[in-house]
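Asker: Here you go, one structure.
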Amino acid sequence: MHRRTFLAALGAGLALPAGARAQAQAFAAARAYHEEHGGAALVILRNGVTRAEDVRRGGPQAMSPLGGATTSFLPALAAALVSDGLLTLDEPAALTLLDWAAHPVKSRISLRMLLDRTCGLSGEGRRMSDFEATMLEPVAEPGQGFLDDPAPTQIFAEIARRKLAGAGASSDPADYVRLRVLTPVGCAPISWRRDERNEPNFHDGASVSVMGWARWGELMRRVGVWRAAQLVNGAALRDAARGSWPQPRYGFGLWLAWPSAQRAPALRSSDLWAAAPPVPQDLIMAAGENGARLYILPTQRIVAARFADQTGAWSDAAFVSALLSRN
């Protein structure tokens, strides 16, 4: 059904096919839950088409800070670099960070381990430059554990910078991923907080519009295909949503609903892994500042992005359950 016809019929209370009517009810339930819990902006896409939209602050182009959900753009950066032949996910980081080559532990760290945070490096949450992060000493064996810390993201950004500079391109990874991936899919406007060296913060420094964030989620759902063309490497995006042996519920900057024998929640501020009935096993989520959320449901062909004016009492499980409800 055409979008305008769908919305007109919904607004007028006209008869809809049973499947479309159930879906409209589900999206209305999800929107209501969002509104009841401090919602400031919400976009729900299905098959890339807007099925629900509620923007209460600043209009659809207003940007909100993502905080820790900034890492949701890591798959875009990694997949673009793979597509452009600048790196492979399993190459040693020491191939670029040459001073790591002689280190007995850091020489065994791959780019994949940086992206999924199993590299054994941690700055214990301290603020530092990307270059300073490369000087950290390991606190664990590579590939043997998961450390939720910004240092690996900073190191990957430093490697991306050097790869781009070596290719004769602009060495700014934020400008690269914006022009190469995000602008073509409509993920705009977007900005990055920068440090005194003018380096973009890839850990928690991005601000973006709610529709722009949803558009990036849609490209992730489509595994890199946009307008019938492969915009970025699909295999890299699939890897971003697979998780690791030490932490199967975390990919490349994204939280995953994948079932695991691990009892501890992957993200302590979320009840995603306590849903009853369980949320879809292929659900992908980014969680950030002030209740910012991006949900990608590949099997259901749904993407939802939200911002909020307040935190507290938000249930990822309840929102996803409402999103998928069929009344």
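Each value in this text was obtained by applying a stated rule to the coordinates, not by laboratory testing. Keep in mind that what you see is a predicted model, and the values were worked out from it rather than measured. Methodologically, a virtual Cβ is constructed for each residue, glycine included, from the backbone with ideal geometry; neighbour enumeration extends over all protein chains shown.
Asker: Does segment 65-153 come out rounded, prolate or oblate by the C-alpha gyration tensor, with a ≥ b ≥ c the root eigenvalues, rounded set by a/c under 1.5 and, if not, prolate when a/b is larger than b/c and oblate if not?
Answerer: Cα axes put segment 65-153 in the oblate bin.
Asker: For the charge dipole of segment 24-107, defined by +1 on Lys and Arg C-beta atoms and -1 on Asp and Glu C-beta atoms about the Cα centroid, which residue among 42, 29, 61 has the Cα displaced farthest towards the positive pole?
Answerer: Working it through, the farthest residue towards the positive pole turns out to be 29.
Asker: List every residue whose amide H lies under 5 Å from the amide H of residue 110, counting only residues 5 or more places away in sequence or on a different chain, with H placed 1.01 Å from N in the peptide plane.
Answerer: Under 5 Å from the amide H of residue 110 lie the amide H atoms of 93, each far enough along the sequence or on another chain.
Asker: So, one more: Sort 115, 256 by Cβ crowding within 10 Å, fewest neighbours at the top.
Answerer: Ordered from fewest to most neighbouring Cβ atoms within 10 Å, 115, 256 come out as 256, 115.
Asker: Suppose every K and R has +1 on its Cβ and every D and E has -1 on its Cβ; what is the size of the dipole of the chain about the Cα centre, in Debye to the nearest 20?
Answerer: For the chain, the charge dipole is close to 1280 debye.
Asker: Here's something else I'd like to know. Mind listing which chymotrypsin sites (Phe, Trp or Tyr not before Pro) in segment 18-109 are in a DSSP loop and have 15 or fewer other Cβ atoms within 10 Å?
Answerer: In loop regions of segment 18-109 (DSSP not H, G, I, E or B), there are no sparsely surrounded chymotrypsin sites (Phe, Trp or Tyr not before Pro).
Asker: Now for a separate question. Just name one of 92, 122, 142: the one whose Cα is farthest towards the positive end of the charge dipole of segment 70-182 (beta-carbon charges, Lys/Arg +1, Asp/Glu -1).
Answerer: 92
Asker: OK, next. Is it possible to state the helix-based mean residue ellipticity at 222 nm for the chain, with each DSSP H run of 4+ residues giving -39500 (n - 2.57), the sum divided by total residues, to the nearest 500 deg cm²/dmol? What is it?
Answerer: -8500 deg cm²/dmol, from helical runs alone.
Asker: Moving to a separate point now. When only DSSP loop residues count, what trypsin sites (Lys or Arg not before Pro) in segment 78-149 have their Cβ near at most 14 other Cβ atoms within 10 Å?
Answerer: Filter output for segment 78-149: 126, 127.
Asker: Which whole DSSP H helices in the chain pass both tests: a Cα extent of 24 Å or more along the axis and a mean Kyte-Doolittle value no lower than -1.0?
Answerer: 18-36
Asker: Ok, one more. May I ask you to order 295-302, 188-195 by the average number of other C-beta atoms within 10 Å around their residues, highest value first? Could the numbers behind the result be given before it?
Answerer: Working: 295-302: 19.6, 188-195: 15.9.
Going from most to least packed, we get 295-302, 188-195.
Asker: A further question follows. Kindly list the residues of segment 275-308 that lie in the label zone of residue 47, defined by a backbone N under 16 Å from the point 7 Å along the Cα-to-C-beta vector.
Answerer: 298-303
Asker: Considering the options 228, 206, 244, tell which one lies farthest towards the positive end of the dipole of segment 196-254, charges being +1 on Lys and Arg and -1 on Asp and Glu at the Cβ, about the Cα centre.
Answerer: Working it through, the farthest residue towards the positive pole turns out to be 228.
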